[in-house]
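Undergrad: Got a structure here, written out as structure tokens. Questions coming.
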Amino acid sequence: MTQDATLFVLFGATGDLAQRMLLPSLYALERDALIPNGLRILGTARTVMDRDAFRANVAEAVRKAIPSGELNEDALTALLTRVEYHAASIDDPAALASLTVRMCEMRGSGDTLVHLSTAPRWYGPICEALAAGGVADSRMRVMLEKPIGHDLASSIAINESVAKVFREAQVFRVDHYLGKEGVQNLLALRFGNALFEPLWNSRFIEQVQITVAETVGLEGRGGYYDESGAMRDMVQNHLLQLLTLTAMEPPSHFDPGAVRNEKLKVLRSLRPIEGEDVATHTVAGQYTAGAIDGRAVPGYAEELGKKSRTESFVAIRAHIDNWRWSGVPFYLRTGKRMPRRATEIYLKLRAVPHSIFSGAGAEPEPNALLIRLQPEERISLMLMNKTPGLDRSGVKLSQVALDLDLHDAFSHERKRVSYERLYLDALGGNGTLFVRRDEIEAAWTWVDQILGGWTARGQEPRPYPAGTWGPTSALALPERHGHSWRE
Ligand code: BG6
């Protein structure tokens with residue numbers, strides 16, 4: 001039976017993700033009294049240092065992340081008193097063995113949560129070491145960072161190596177998008193309101209667009225990114241997760257099994273994009289030098305320091321072959337060095353079946369729902385209204401947005417980092433917002449077909465200037481079907 005964790009072990013505790021996100025998220029849970037009573041935290045990494053040096057490192061990471069006026073010193077002190085450190089190189093079995101001895105001493109009577117924030121090739125060996133040390137029992141949960149593999153085969157290999165030690169219910173695969181408030185709100189919007197469900201299907205919805213646009217470039221991660229590209233880095237995980245939440249059937253409960261079963265069905269209903277369809281249904285791009293917000297930025301190859309065929313932009317026209325979505329295109333688009341940061345889901349409804357205003361010189365535009373997740377959370381329902389005024393010749397109509405600014409509506413609430421939610425759930429043993437193995441593998445199956453199609457066709461990414469919405473062929477992707485991207 002799942003219990004709150006009494007020990008949390010962080011592998012990669014001195015890494016960039018830990019410093020920027022993970023340690024500050026633990027602080028935030030401490031500040032809000034959400035950390036399980038008696039939880040002890042054990043950081044581990046290759047760097048040799050003692051407990052006090054690591055505590056200083058944690059304090060520094062928290063101070064960097066939290067504006068000084070907002071820092072609660074008591075909460076930081078309380079967090080630091082939980083923290084211990086044990087240096088261990090993950091390629092050194094003796095060091096891992098000594099780490100497991102330490103874990104045994106510290107684990108207490110509750111569960112242990114282990115977060116592997118390391119390169120995924122280490123997941124198997126670390127799990128084996130945990131098993132050899134006798135700590136990988138039913139009281140342990142293991143949280144894995146993306147990417148789980150580079151393709152289906154490598155993802156299966158990683159999952160298998162973890163499955164040798166842990167049951168699936170003990171494995172918590174992170175997609176940090178699922179920890180975002182806006183993403184969870186998508187479920188609240190769809191399943192907490194009776195208004196949308198009757199319209200949420202191909203009878204009323206004409207097309208769906210999911211955009212994750214970033215203004216950043218390689219951010220010093222060229223080594224990793226150039227091996228991945230936008231398809232593996234963003235589409236395989238974040239975009240497909242957004243797609244599943246948008247398209248899934250209502251689950252019977254908000255619990256890990258019910259929610260993830262429905263998400264999986266969507267992934268398995270994605271129509272394969274193969275053969276000629278790869279050319280007509282997908283576009284890959286790579287940015288060249290350009291400007292964003294009036295600031296000149298270098299091209300991908302210049303940033304990387306060499307020529308490359310890796311895509312920094314992908315657009316896809318996808319279809320979900322089931323009753324609900326038959327015939328509705330899902331346009332997916334993500335890229336780096338786009339004109340602005342925007343994560344949004346746009347559902348365009350069909351036109352009214354008959355316009356009574358045609359004779360009066362006005363044409364209603366179709367309704368649309370825009371769910372903006374980043375940079376601000378906002379929901380806008382575009383409705384047709386009469387333009388106020390007197391007009392002899394008939395009536396004028398204009399589209400006006402019914403706007404829900406979630407920041408204003410919940411201005412008393414703190415803005416949360418995804419990992420706060422994910423840690424809270426993983427410490428308590430709730431896997432709803434984590435990705436199950438079959439989801440990851442279904443997503444890779446679909447993505448691999450497209451990647452394979454690109455390779456078979458020798459398809460190179462098309463150039464697009466930084467600060468634009470991708471190559472011109474990306475504009476043509478919906479336009480060939482009488483649609484256009486929302487901008
Ligand atoms: C990560 C990708 O998973 O998500 C990055 O590896 C990307 O390339 C990041 O920049 C985007 O996350 P967010 O939360 O800033 O939208």
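Undergrad: Using DSSP to call loops (not H, G, I, E or B), can you name the chymotrypsin sites (Phe, Trp or Tyr not before Pro) in region 191-281 whose Cβ has at most 14 other Cβ atoms within 10 angstrom?
TA: Filter output for region 191-281: PHE254.
Undergrad: Assign one of three labels to region 231-366, namely rounded, prolate or oblate, based on the Cα gyration tensor with a ≥ b ≥ c the square roots of its eigenvalues; rounded applies when a/c is under 1.5, prolate when it is not and a/b is larger than b/c, and oblate otherwise.
TA: Here region 231-366 falls in the oblate category.
Undergrad: Leaving out ligands, DNA and RNA, what percent of the accessible area of the chain is carbon and sulfur, probe 1.4 Å?
TA: Answer for the chain: carbon and sulfur cover 53 percent of the accessible area.
Undergrad: Beyond 21 Å, how much of the Cα-Cα pair distribution for region 338-487 remains, as a whole percent?
TA: Beyond 21 Å sits 71 percent of the P(r) for region 338-487.
Undergrad: Okay, moving on. Per the helix-only calculation at 222 nm, which mean residue ellipticity applies to the chain, given -39500 (n - 2.57) for every DSSP H run of n ≥ 4 and division by its residues, nearest 500 deg cm²/dmol?
TA: -10000 deg cm²/dmol
Undergrad: Stretch ARG341-ASN37 to full length: gain in nm at 0.36 nm per residue minus the Cα-Cα span?
TA: 105.6 nm
Undergrad: How much accessible area does ARG167 have with a 1.4 Å probe, in Å² rounded to the nearest 10?
TA: 140 Å²
Undergrad: Please determine, in degrees from 0 to 90 and to the nearest 10, the orientation of helix 73-82 with respect to the longest principal axis defined by the Cα atoms of the chain, where the helix direction is its Cα long axis.
TA: Relative to the chain, helix 73-82 is tipped by roughly 60 degrees.
Undergrad: How charged is the neighbourhood of GLN449? Take every other residue with its Cβ under 12 Å from the Cβ of GLN449, and add Lys/Arg as +1 and Asp/Glu as -1.
TA: Net of charged neighbours comes to -3.
Undergrad: Given a Förster radius of 41 Å and the C-beta distance between GLN374 and ALA95 as r, what FRET efficiency does 1/(1 + (r/R0)^6) yield to the nearest 0.05?
TA: Rounded to the nearest 0.05, the efficiency is 0.55.
Undergrad: Indicate the gyration tensor shape class of region 8-57 (rounded, prolate or oblate), computed on the Cα atoms with a ≥ b ≥ c the square roots of the eigenvalues: a/c under 1.5 is rounded; otherwise a/b larger than b/c is prolate and the rest oblate.
TA: Prolate, because a/c is 1.5 or more and a/b exceeds b/c.
Undergrad: Once the other residues with Cβ under 15 Å from the Cβ of ALA362 are scored (Lys, Arg +1; Asp, Glu -1), what is the net sum?
TA: Taking every other residue near ALA362 into account, the sum is 0.
Undergrad: Using unit Cβ charges (K, R positive; D, E negative) and no other charged atoms, how large, in debye to the nearest 20, is the dipole of region 215-299 about its Cα centre?
TA: Around 180 debye, computed over region 215-299.
Undergrad: For a quick check of understanding: with a 1.4 angstrom probe and all protein chains in place, what accessible area in square angstrom does ASP448 have, to the nearest ten?
TA: Accessible area, nearest 10 Å²: 40 Å².
Undergrad: Rounded to the nearest 10 Å², what accessible area does LYS146 have for a 1.4 Å probe in the complete protein model?
TA: So the heavy atoms of LYS146 present about 60 Å² to solvent.
Undergrad: At a 1.4 Å probe radius, which order do ARG63, ARG232 fall into by accessible area, largest first?
TA: Solvent-accessible surface, decreasing: ARG63, ARG232.
Undergrad: Still on this model: Pick out, from VAL171, PRO478, GLY12, the residue whose Cα sits farthest towards the positive end of the charge dipole of the chain, with +1 on the Cβ of Lys and Arg and -1 on the Cβ of Asp and Glu.
TA: PRO478
Undergrad: By accessible area of protein heavy atoms, probe 1.4 Å, what ranking do LYS180, LYS336, LYS386 get, highest first?
TA: LYS386, LYS180, LYS336
Undergrad: Among LEU349, ILE148, VAL135, flag the residue with its Cα farthest along the positive direction of the charge dipole of the chain, charges on Cβ as +1 for Lys/Arg and -1 for Asp/Glu.
TA: LEU349
Undergrad: Could you size up the charge dipole of region 349-400 around its Cα centre, putting +1 on the beta carbon of Lys and Arg and -1 on that of Asp and Glu, and report it in debye to the nearest 20?
TA: It comes to approximately 100 debye.
Undergrad: Report Rg/Rh for region 189-280, rounded to two decimals, where Rg is the Cα radius of gyration and Rh the Kirkwood radius.
TA: Reported Rg/Rh, Kirkwood definition of Rh: 1.04.
Undergrad: Relative to the longest principal Cα axis of the chain, at what angle does helix 123-132 sit, 0 to 90 degrees, rounded to 10?
TA: Tilt relative to the chain: about 30 degrees.
Undergrad: Enter the Cα centre distance for the pair region 52-84 and region 413-487, rounded to the nearest angstrom.
TA: Distance between centres, Cα-based: 34 Å.
Undergrad: Let me ask something additional. Return the tail of the calculated pair distribution for the chain, meaning the percent of Cα-Cα pairs more than 40 Å apart.
TA: 26 percent
Undergrad: Would you mind pulling out the separation of the Cα centroids of region 252-294 and region 230-251, in Å?
TA: First find each Cα centre; the distance between them is then 6 Å.
Undergrad: With only Lys, Arg, Asp and Glu charged, each at its Cβ (+1 for the first two, -1 for the last two), find how big the charge dipole of the chain is about the Cα centre; round to the nearest 20 debye.
TA: So the dipole magnitude of the chain works out to roughly 600 debye.
Undergrad: Give the separation of the Cα centroids, region 98-134 to region 190-215, in Å.
TA: First find each Cα centre; the distance between them is then 41 Å.
Undergrad: Using the Cα centre of region 180-233 as origin and beta-carbon charges of +1 (Lys, Arg) and -1 (Asp, Glu), tell me which of TYR225, LEU195, GLN209 is placed farthest towards the positive end of the dipole.
TA: LEU195
Undergrad: Still on this structure, I have one more. Which of the GluC sites (Glu not before Pro) across region 214-270 are loop residues per DSSP, with 14 or fewer other Cβ within 10 Å?
TA: Filter output for region 214-270: GLU219.
Undergrad: Quick one: net charge of ASP321's neighbours, Cβ under 12 Å, K/R +1, D/E -1?
TA: Once all neighbours under 12 Å are counted, the net charge is +4.
Undergrad: Let me ask something else about it. Rounded to the nearest 10 degrees, what's the angle between the helix 51-65 long axis and the longest principal axis of the chain, both from Cα atoms, 0 to 90?
TA: The two axes meet at around 20 degrees.
Undergrad: While we're on this one: May I ask you to rank GLU276, GLU439, GLU168 by accessible area, largest first, using a 1.4 Å probe over the protein chains only?
TA: So, going from the largest accessible area down, we get GLU276, GLU168, GLU439.
The values are calculated or read from the model by the stated rules, or taken from the named source; none is laboratory data. Just so it is clear, the model here is predicted, and its values are computed rather than measured. In this analysis, Cβ positions are derived from the backbone assuming ideal geometry, glycine residues included, and neighbour counts consider all displayed protein chains. The protein model used for the area step is the full one, side chains on, heavy atoms only, and it has no ligands, DNA or RNA in it. Shrake-Rupley method; radii C 1.70, N 1.55, O 1.52, S 1.80 Å.
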